[in-house]
Structures are given as structure tokens and as C-alpha cells.
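Just so it is clear, none of the values below were taken in a lab; they were calculated from the coordinates. Keep in mind that this is a model prediction, so the values were computed, not measured. Please note: Cβ atoms are built from the backbone with ideal geometry, for glycine as well, and neighbour counts cover all protein chains shown.
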Amino acid sequence: MGLTAGALLASYLVSSIYVASTNRPNAVPAGLHFVSTGAFETRFQTWGKGSSQPIVLLHGAFESVATWVPIAERLARNFHVEAYDLKGYGYTNHVGPYSLRALAQQLSDFISVRRLHSPVLVGHSLGAGVLAQFVLDHPHVASGIIFLDGDGLSASIPGNFFTELVPEPFRTALYRMAVRSRWFVSSVWNMACGDPCPPLRASDLAEVMAPFSVAGAESALEDYGRHAIVGVSVSQRDTLARWKIPSLVISGANDVELSNAAARETARAIGAPAPIFIPHSGHLALWSRPQLVAQAIINFMRLLNKR
């Protein structure tokens, strides 16, 4: 009993010291671009020249603008492309709430302040849920929608067990150790990406890791974890087809988070043709096979322009 109590006390002291020593958050890098979206600043990036139908890229959970770079650079040869950090991620000001409605409103404000006329919206994973809610709220804004590795649906996966079972300072210590561990972050990334997946270069890994240590990132992710995964209901998603917005579903052929059957059902539900499956790719098709994903988007844009 004494040994157990001593071990707990020692781990408590070690965790407290570690938390105290890592209390200073990372600074936001200089040179980034921000735009006012309501009461907070949204970080964004642009590629390419002006075009009649700009493309707006919405990243997924635990991602940021950086995740889109391989795709955006390819699309920018022919189109104007913009991507931004969703609330709670990247370098956008961490100001709650982080609900689906708030994320959809951020997209609406971004399109408005950036003066993007008839954009094509591409949502990856969680971003597909944001896209779906936005279209339900504003069905006549987007000229096309693309679901990438996502069905747009909410998932009731409670995450508050971690906050309930792991007290402070252990919870904060574990979070900070995880997001500062190159091995841990790269392992999670590779697991999501699938096999084969291009290895993360040191600079890419730094881009992925850095936003998790800025001011507000911890509380934002904890807030996300208390609620169901962001997305719409099945009945809500199934109403998207009524608006007859040109749409497409792209999915990694080996995606363990979105099965091929679920991708086909998503395409049917939103009135899209059969999904495009990216071979040898998991849940990060935009990273593992950017050239194939970009080409699918380019082909969609060409068909859209022929209408």
C-alpha cells in the first residue's frame, strides 16, 4: 500500500513539474494570413489566380491548412484555391463554441469576407460534415460539393471518458507529451494515412505538430472530445440531393474509417455519381495520393464548367 501511494505521489509530482515546465504555449508563426470571421480571426492561405469558380478546401479533425498543400499546389495551376483552419485547429483563434453550427457559420463568414462567388467546396473527413451543414443552411451558394474520405455524418463517440477518468495534472501532462512526441504524432499520422504512405519529412512533421501547442489548443481539443464527432444526421444528409448541386465522393480504397460501401451510400444520398476510389490509400488520400485526388477534382471542375 505504501509503495503504491509513493508511486502515485511521485508520478503526481513529476506530472506537475512537467506541466509547469511546458506552460508557455508556442507562438503563432510570423507571416501567416488572417481574416476576420465574426468575433475571431481565421488563418487562411491562397494559391493560384482568380477564377470564376474558386475552390475552398476544408480540412478534417487534427489537421490544418498544411494538410492541403500537396493538393492545392496542383489545383492552383488551373484554379484559384483557398483553405483555412477550422475553429479549434491550426492557427485560427481558439474561440469557442466548436459546434457544427459554429463551424458552418465560420465557413459562411469566410466565403463572404473573401468575396468568393459560387465556390466549389471540398471537405475532408470532419470537413465534409461542416460542408454538409453549410449547404443545408445556404443551399444556393456552392456551385459544387466534394466529400473526400468523409460521409458528412455525426458519430456518437463520447470522448469525455478521458477527462473523467484521468485527473489533473496527469491529463495535461499526457496531452503535452503526446503532441510533442515526434514518434507518437508520426505513428498516428501513418496509421490514418494507410500503407503505403509517403513518410513525413521533418518539415512536414513540424507543420503537423506545431499548432497543437499554441494558446487554446488544449482546451479546444478537450471541448471537441466532450461531444459527438461533428456532422449532420442521416436524414439531414439525405436532403442534400434535393438541391441538385453537382457533387462527388472521393475516398481512399483502403480507408478503414469510411468503408467502400459507406462511400457508395454517401454518393447515392447526396445525388452524386459512383464514388472515385483512390487505390492504395487510407483515410488521408489527399496526402498519400495527392496527384490522383487533385486530378479527380480537376475532372469534376471541367465537367462543372461544361454545364
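Provide V120, V113 in ascending order of the number of other Cβ atoms located within 10 Å of each residue's Cβ, fewest first.
Sorted ascending by nearby Cβ count, the order is V113, V120.
First measure r as the distance between the Cβ atoms of K49 and V166, then evaluate 1/(1 + (r/R0)^6) with R0 = 41 Å and state the FRET efficiency to the nearest 0.05.
Working from the Cβ atoms, E equals 0.25.
Could you give the length gained by full extension between R101 and N23, i.e. 0.36 nm per residue of separation minus their alpha carbon distance, to one decimal place?
Taking R101 through N23 to full extension adds about 24.9 nm, to one decimal.
Could you work out the helix-only [θ] at 222 nm for the chain, with each DSSP H run of four or more residues adding -39,500 (n - 2.57) and the total divided by the number of residues, to the nearest 500 deg cm²/dmol?
Calculated at 222 nm, the ellipticity per residue is -13000 deg cm²/dmol.
Please list, or write none, the lysines whose alpha carbon is within less than 21 Å of the alpha carbon of K49, excluding same-chain residues fewer than 8 places away.
Partners within reach: K306.
Which value in nm describes the separation of the simple spin-label points at R77 and S112, placed 7 Å from the Cα toward the beta carbon?
3.7
Give the calculated FRET efficiency between N305 and D137 to the nearest 0.05, with a Förster radius of 30 Å applied to their Cβ-Cβ distance.
With a Förster radius of 30 Å, E is 0.70.
Find the centroid of the Cα atoms in the range 56-100 and in the range 234-284, then give the distance between the two in whole Å.
Using only Cα atoms, the two centres lie 20 Å from each other.
For the pair S233 and F34, what calculated FRET efficiency results from E = 1/(1 + (r/R0)^6), where r is the Cβ-Cβ distance and R0 = 35 Å, to the nearest 0.05?
Once the sixth-power term is evaluated, E becomes 0.60.
Put a dot 7 Å past each Cα toward the Cβ at I298 and A202; how far apart are the dots in nm?
Roughly 3.3 nm, to one decimal.
Would you mind ranking S233, S99, S143 by Cβ crowding within 10 Å, fewest neighbours first?
Going from sparsest to densest Cβ surroundings: S233, S99, S143.
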